[in-house]
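The values are calculated or read from the model by the stated rules, or taken from the named source; none is laboratory data. From a predicted model like this one, the values you see are computed outputs, not experimental measurements. Cβ placement follows ideal geometry from the backbone for every residue including glycine, while neighbour counts extend to all protein chains displayed.
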Amino acid sequence: MARDHPAPPEPLARPFISVFAASDPPIHTALERAEAALGPALFVSQLVPFGPTRYYEEEFGPRIVRRFALFEGWIPETDLVRIKAALMQIEDGTREANRRRVNLDAGLLTLSRLILASHKPAPHRLLLSSGVWAELTLVYESGEYRPLRWTYPDYASQTVRDLLRALRSEHLSHRHSTR
């Protein structure tokens, strides 16, 4: 009887990040460093208020701003660990007086989902390796990215989901038309 052997993963995801801070200059620096690590950005969002949580105010202050970025290059989802490690180095490299100046979320955007990486275990996260957990954050169905019960409120917002839908249309669907 012949065995089924797993095929290597197809490169069907694009690196996606969120970076937030108390002001734009550290965000700009972090994005430049992210491009050095991940390759050119296809898209960088306008500066937007962080909202809707106050969780990071003690660390960053009350007026947190954010940018999202989507990067060139199709990669396998297994590269999420590498992306998380690269972004953690960037965060650590921008510290002042042992405090973060930026927060970077590592993720992958596909035609069917947004996956984020975390160093914190939770029942809905899967351990990938090296203390990196993968969280299915949004799923694409019926024409939009939909939040799950555990999706962070900022990613569940209509504004972020609309942005992801536009990125899907403009930068992700092209992958399937060229295959």
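Would you be able to say whether some residue in region 94-112 is exposed (fewer than 12 other Cβ atoms within 10 Å of the Cβ), at pLDDT 95 or above and outside any helix (DSSP H, G or I)? Spell out the reasoning first.
Of all residues in region 94-112, those exposed (fewer than 12 other Cβ atoms within 10 Å of the Cβ) come to 95-99.
Filter once more, keeping what is at pLDDT 95 or above: none.
Scanning region 94-112 turns up no residue that is exposed (fewer than 12 other Cβ atoms within 10 Å of the Cβ), at pLDDT 95 or above and outside any helix (DSSP H, G or I).
If you go through region 27-67, how many residues are of a type in the set (Ser, Thr, Tyr) and without any contact (Cβ under 8 Å) to a residue 60 or more places away in the chain? Step through it out loud before you land on a result.
If we filter region 27-67 for residues that are of a type in the set (Ser, Thr, Tyr), which is where we start, we get 29, 45, 53, 55-56.
When the remaining residues are screened for being without any contact (Cβ under 8 Å) to a residue 60 or more places away in the chain, the result is 55-56.
Going through region 27-67 one residue at a time, the tally reaches 2.
Which of the residues spanning region 62-77 are out of contact with any Gly (no Cβ under 6 Å at 6 or more places or on another chain) and either of a type in the set (D, E, K, R) or modelled with pLDDT of 90 or more (or both)? Even if it seems obvious, please write down each step before you answer.
Initial filter on region 62-77 (out of contact with any Gly (no Cβ under 6 Å at 6 or more places or on another chain)): 62-70, 74-77.
Arg63, Ile64, Val65, Arg66, Arg67, Phe68, Ala69, Leu70, Trp74, Ile75, Pro76, Glu77 - these are the residues of region 62-77 that are out of contact with any Gly (no Cβ under 6 Å at 6 or more places or on another chain) and either of a type in the set (D, E, K, R) or modelled with pLDDT of 90 or more (or both).
Check whether at least one residue in region 79-86 is among the aliphatic types (A, V, I, L, M) and assigned to a strand (DSSP E or B), and report yes or no. Explain how you work it out, then say what you get.
In the first step, residues of region 79-86 are kept if they are among the aliphatic types (A, V, I, L, M); the result is 80-81, 83, 85-86.
Next, only the ones that are assigned to a strand (DSSP E or B) stay: none.
No, region 79-86 contains no residue that is among the aliphatic types (A, V, I, L, M) and assigned to a strand (DSSP E or B).
Output the qualifying pairs, or none if there are none: Cβ atoms under 8 angstrom, residues six or more apart or on different chains, first residue in region 74-93 and within 15 Å of Glu35 (Cβ to Cβ), second residue among the β-branched types (Val, Ile, Thr) and crowded, with 16+ Cβ neighbours inside 10 Å.
Sorted first by the residue in region 74-93, then by its partner, the pairs are Ile83/Ile17; Leu87/Ile17; Ile90/Val102.
Which of the residues that make up region 61-78 are surrounded by 13 or more Cβ atoms within 10 Å (Cβ to Cβ) and not charged (D, E, K, R)?
So in region 61-78, the residues surrounded by 13 or more Cβ atoms within 10 Å (Cβ to Cβ) come out as 64-78.
Within region 61-78, Ile64, Val65, Phe68, Ala69, Leu70, Phe71, Gly73, Trp74, Ile75, Pro76, Thr78 meet the criteria.
For region 32-49, does any single residue satisfy the condition of being at pLDDT below 90, under 23 Å from Leu136 (Cβ atoms), outside any strand (DSSP E or B) and among the polar types (S, T, N, Q)?
No; the residues of region 32-49 include none that is at pLDDT below 90, under 23 Å from Leu136 (Cβ atoms), outside any strand (DSSP E or B) and among the polar types (S, T, N, Q).
Within region 45-56, how many residues are β-branched (Val, Ile, Thr) and more than 30 Å from Leu12 (Cβ to Cβ)?
Taking region 45-56 first, the residues β-branched (Val, Ile, Thr) are 48, 53.
If we keep only those that are more than 30 Å from Leu12 (Cβ to Cβ) too, we end up with 53.
Here the count works out to 1.
Taking the residues in region 57-105 that are of a type in the set (S, T, N, Q) and under 30 Å from Pro11 (Cβ atoms) as candidates, determine which candidate is nearest to the chain's Cα centre (by Cα).
Asn103
Where residues in region 146-172 are among the hydroxyl-bearing types (Ser, Thr, Tyr) and within 16 Å of the chain's Cα centre (by Cα), which of them is surrounded by the most Cβ atoms within 10 Å (Cβ to Cβ)?
Quick first cut of region 146-172, residues among the hydroxyl-bearing types (Ser, Thr, Tyr) only: 151-152, 155, 157, 159, 169.
Filter once more, keeping what is within 16 Å of the chain's Cα centre (by Cα): 151-152, 155, 157, 159.
Details: Thr151: 22, Tyr152: 17, Tyr155: 20, Ser157: 16, Thr159: 11.
Per the stated criteria, the residue is Thr151.
Does at least one position in region 118-140 carry a residue that is modelled with pLDDT of 95 or more, surrounded by 15 or more Cβ atoms within 10 Å (Cβ to Cβ), among the β-branched types (Val, Ile, Thr) and part of a helix (DSSP H, G or I)?
No.
Each row is one residue, and each column tells you yes or no for (1) of a type in the set (A, V, I, L, M); (2) touching a residue at least 40 places away in the same chain (Cβ under 8 Å).
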{"site": "Arg125", "(1), (2)": "no, no"}
{"site": "Ser129", "(1), (2)": "no, yes"}
{"site": "Trp133", "(1), (2)": "no, no"}
{"site": "Arg146", "(1), (2)": "no, no"}
{"site": "Ala156", "(1), (2)": "yes, no"}
